[in-house]
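To keep things clear, I will list the structure first and then write my remarks on it.
The values are calculated or read from the model by the stated rules, or taken from the named source; none is laboratory data. Please read these numbers as outputs of a predicted model, since none were measured by experiment. Note: ideal-geometry Cβ built from the backbone for every residue, glycine included; neighbour counts use all protein chains shown. The accessibility values were calculated without ligands, DNA or RNA, using every heavy atom of the protein model including side chains. Shrake-Rupley method; radii C 1.70, N 1.55, O 1.52, S 1.80 Å.
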Amino acid sequence: MLQSLPELLLPWFEKNRRDLPWRRDREPYHVWLSEIMLQQTRVEAVKGYYERFLQRLPTIEALAAAEENELLKLWEGLGYYSRVRNLQKAAQIIVRDCGGVFPRDYERVRALPGIGAYTAGAILSICFEQPTAAVDGNVLRVVSRVLASEQPIGDERVKRGVARELEKCYPAGCCGDFTQALMELGATVCLPNGAPLCGACPLKDICRANLTGMQEKYPVRAAKKPRRVEYRTVFFLECGDKIAVCKRPKTGLLAGLWQLPDVPGELTVGQMLRQAEDWGVHPRNIRKTVQRVHIFTHVEWKLTCCWLDCAQENGFTWVTRRELEEKIGLPTAYRQFLAE
């Protein structure tokens with residue numbers, strides 16, 4: 001059944017493909033960057049980031065040589081910061097070992113930091129017309145519905161099996177378009193939330209889920225584990241026109257990034273003042289407190305932020321609001337308090 005996918009999908013894709021910035025050429029650096037940015041992030045959110053990133057770092061060599069603060073500032077708000085750190089590590093390897101030329105061998109591409117089977121398949125098929133499948137959630141959803149598959153799509157063995165079957169179907173000379181057509185169908189027609197748009201689908205006459213009216217049964221997923229909830233108290237410390245920031249630990253969530261000072265737990269007002277005194281900033285008064293929630297993939301942070309006027313700069317890095325806006329990259333969990 002999957003063998004008929006190219007003849008059905010390619011004409012549809014030619015007419016319905018979205019005009020996306022990373023589809024305007026097949027430069028490996030551009031495709032690679034877009035695929036990394038699009039992991040866990042919506043297309044509309046990525047467009048501006050992609051164009052700004054390339055304006056500042058237009059080549060693999062420029063990415064390899066970028067300073068960390070600049071790199072993190074360009075990525076600010078996209079989250080999952082290990083993605084951009086791995087992007088730079090991979091760029092440095094490509095410059096050092098490949099003369100700045102993106103490799104074409106699957107194993108060499110797969111060995112680069114931050115590049116998994118999906119990203120390697122996308123780059124090699126789109127840029128180099130190799131029959132390497134790129135199997136992400138969109139593609140798994142399409143295939144699961146076409147086959148009415150009962151196999152859970154979170155299982156790595158299932159993903160590898162889907163990739164092997166799709167690679168048997170890749171049409172010579174149209175590998176890149178076939179990869180993108182599968183992605184596009186999952187993103188715009190075979191939707192993940194709510195009813196899929198089966199009436200507009202080029203696969204509707206071969207899709208077992210559609211033919212049996214069971215579209216929303218598929219794909220099958222294993223039950224998710226509940227997110228761990230953590231309470232934290234965040235401190236917006238101001239001394240004159242300066243705001244306190246510090247670096248997070250080098251390991252763990254948001255490793256090594258700038259943050260507003262915080263401590264575990266939900267402190268009372270008295271505890272907040274004592275904590276600030278312990279830091280030696282001599283708090284004058286608490287101007288206000290707000291509560292916010294920030295959700296990561298596996299953890300939910302319940303945040304209480306307090307604004308403190310301080311008499312002394314001590315123990316942290318103190319920066320102006322302008323420096324925070326232009327130079328210091330803060331994760332969204334903390335940056336949200338700048339707008340309060």
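As a test, work out the antiparallel percent of DSSP beta bridges whose residues both lie in region 185-340, rounded to the nearest 5. Could the numbers behind the result be given before it?
Working: 22 of 33 bridges.
Looking only at bridges with both residues in region 185-340, the antiparallel portion is about 65 percent.
Which number do you get for Rg(Cα) / (2.2 N^0.38 Å) in the chain?
Dividing the Cα radius of gyration by 2.2 N^0.38 Å gives 1.18.
Within the chain, what whole-number % of the accessible surface is contributed by carbon and sulfur, with the 1.4 Å probe and all protein chains included in the calculation? All intermediate terms of the calculation are to be shown ahead of the outcome.
Working: 8260 of 16660 Å².
In the chain, the share of accessible area belonging to carbon and sulfur is 50 percent.
Measuring from label point to label point, each 7 Å out along Cα→Cβ, what is the residue 111 to residue 274 span in nm?
5.6
Sort region 99-234 into rounded, prolate or oblate with this rule: let a ≥ b ≥ c be the square roots of the eigenvalues of the Cα gyration tensor; rounded if a/c is under 1.5, and if a/c is not under 1.5, prolate when a/b is larger than b/c, oblate otherwise. Can you show the working numbers first?
Values: a/c = 2.03, a/b = 1.11, b/c = 1.82.
Oblate shape, in that a/c is at least 1.5 and b/c is the bigger or equal ratio.
Run through all the Cα pairs of region 189-237 and give the fraction in each 10 Å bin from 0, expressed as whole percent.
The percentages, shortest bin first, are 19, 34, 15, 14, 12, 6, 0.
What number, in percent, do you get for the relative contact order of region 257-340 if the mean sequence gap of Cα pairs under 8 Å and at least 6 apart is divided by its residue count? Before the final figure, lay out each step's value.
Details: 82 pairs, mean separation 27.5, N = 84.
Normalised by residue count, the contact order of region 257-340 is 33 percent.
Given a 1.4 Å probe, how much area per residue of region 211-283 is accessible, in Å²?
Details: 4290 Å² over 73 residues.
Accessible area per residue, region 211-283: 59 Å².
Counting DSSP beta bridges in the chain, what percent are antiparallel, to the nearest 5? Kindly include the intermediate steps, with their values, before the conclusion.
Values: 22 of 33 bridges.
Of the beta bridges lying entirely in the chain, close to 65 percent run antiparallel.
Sort by residue number and report every cysteine in the chain with no other cysteine beta carbon within a distance under 4.7 Å.
98, 127, 169, 174, 175, 190, 198, 201, 207, 246, 305, 306
Might you tell me the accessible area per residue for region 53-112, computed with a 1.4 Å probe and given in Å²?
Working: 3030 Å² over 60 residues.
Ligands and nucleic acids excluded, the figure is 50 Å² per residue.
Can you tell me which of 104, 292, 26 moves the most in a GNM of the chain? Springs connect C-alpha atoms under 10 Å apart.
The residue that fluctuates most here is 292.
Rg and Dmax of region 226-276 over Cα atoms: what are they, in angstrom?
12.8, 43
So which GluC sites (Glu not before Pro) in region 47-109 are both in a DSSP loop and have at most 12 other Cβ atoms within 10 Å of their Cβ? Could you put the intermediate results ahead of the total?
Working: sites: 51, 61, 67, 68, 70, 76, 107; in loops: 67, 76.
Those satisfying the criteria are 67.
What is the distance in Å between the Cα centroid of region 82-119 and that of region 10-68?
Computed from Cα coordinates, the inter-centre distance equals 16 Å.
Compute the distance in nm between two label points, each set 7 Å from the Cα along the Cα-to-Cβ direction, one at residue 322 and one at residue 211.
Here the answer is 6.7 nm between the modelled labels.
At a threshold of 8 angstrom on Cα-Cα distance, excluding pairs fewer than six apart, so keeping six or more, what relative contact order does region 77-206 reach in percent?
Numbers: 130 pairs, mean separation 26.6, N = 130.
20 percent.
Full-extension gain between residue 82 and residue 282, please, as 0.36 nm times their residue separation minus the C-alpha to C-alpha distance. Before the final figure, lay out each step's value.
Numbers: separation 200, 0.36 × 200 = 72.00 nm, distance 3.55 nm.
The residue 82-residue 282 span can extend by a further 68.4 nm.
Per residue, how much space in cubic angstrom lies within the convex hull of the C-alpha atoms of region 171-273?
262
Over the chain, what relative contact order in percent results from Cα pairs under 8 Å that are six or more residues apart?
Reported as a whole number, the value is 16 percent.
Separation of region 129-150 and region 218-256 by C-alpha centroid, Å?
33
What shape does region 250-340 have by the C-alpha gyration tensor, where a ≥ b ≥ c are the square roots of the eigenvalues, rounded means a/c under 1.5, and otherwise prolate means a/b greater than b/c and oblate the rest? Numbers along the way, then the final one.
Numbers: a/c = 1.60, a/b = 1.22, b/c = 1.31.
Since a/c reaches 1.5 but b/c is at least a/b, the shape of region 250-340 is classed as oblate.
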